[in-house]
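What follows is calculated from the coordinates using simple rules that are stated; it is not laboratory data. A quick note: this is a predicted structure, and the numbers were derived from the prediction, not measured.
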Amino acid sequence: MNSSGSFLKQSAWTLSLLLRMTALCTMKHLCQATRNENRYAKRFFGTLLTQSTQKWLFSPFWIVVPDSRKSAVFELTQPFCTDEKSRAQPKSKAAFGSVGRRIPYRILHVISQDGESLGNMHRADALRLMDERGLKLVLLRENVEPPVYRLMTGQQIHEEQLKRAEKKKSSPKPGVVQKELSFSSAIAKNDLETKTKQIAQWIEKRHHVKVTIRQAKGSSTDMFMLFDQILETVSEKATYLSKPKVAREGVSTCILRHMSDKELKEHQKMEIKKNNTVKKDENKDLKSNELHQ
């Protein structure tokens, strides 16, 4: 009995030692594998968290992510919800144009082709109205309740796109200073020269210059000719950012900017070519006069 009991104790102790050694070896291999694959696992779960844009139908849960920097082989991350992630990401502004039949909102506020409010209606009714009138639906304001859509023709959409492109082009870029200058079309010659010198100084500093001319009462001066006259005086360095246009009745505007290095080179080449042509014509005239004499 004693020998049998001793044998059992020794066997239990041996088995316990083997289990401990097996556990240690397993822990060692897990730690090594964890160190090698830690960044890949984190990258995978990080992508899963940031790129999910739809709300999960199940409740938040815990994810096991290996962390080699701590004594424990595994750590538990905080529970997450993809709905919160999607709210944190700002929506990119959609380009102005027809939305077709892709309307994610159930109730819309619709404006007619002529700009009159048609009130709130279900999107199915708005689509039916669009089909009946042969028009297109355009999203005007999304951050209101309900979102505002307008029925427009293809021509109206095209004209509005051109207006927005011109406005975006004429608006100063971040870091660019825009100066403004306004005067009457009846401006005196000396005053115009002073204004032109001021414009030249601003252009030299690479500022944008918005010039506004008001049509004086009884004045027959062509405001567009005044714009060209101003540009001619600074043509060596300046060009139109926004060409002259009528802002409203009796008021016209344009925006001047400094030429880019590429534009300056092209302008210099054209000037050289122009001067060479003038010299050739002068030489021909001289030879012609000598022959006649």
Between region 211-251 and region 92-166, what is the separation of their alpha carbon centroids in Å?
36
In terms of the alpha carbon gyration tensor, root eigenvalues a ≥ b ≥ c, rounded if a/c is under 1.5 and otherwise prolate when a/b exceeds b/c or oblate, region 101-188 is prolate
Restricting things to alpha carbons, tell me how big region 186-280 is in terms of Rg and Dmax, in Å.
15.0, 46
Can you divide the C-alpha Rg of region 130-229 by 2.2 N^0.38 Å and report the result to two decimal places?
1.63
Quick one: P(r) of region 231-272 from all Cα-Cα pairs, 5 Å bins, percents rounded to integers, in order of increasing distance.
5, 22, 24, 20, 12, 8, 6, 3, 0
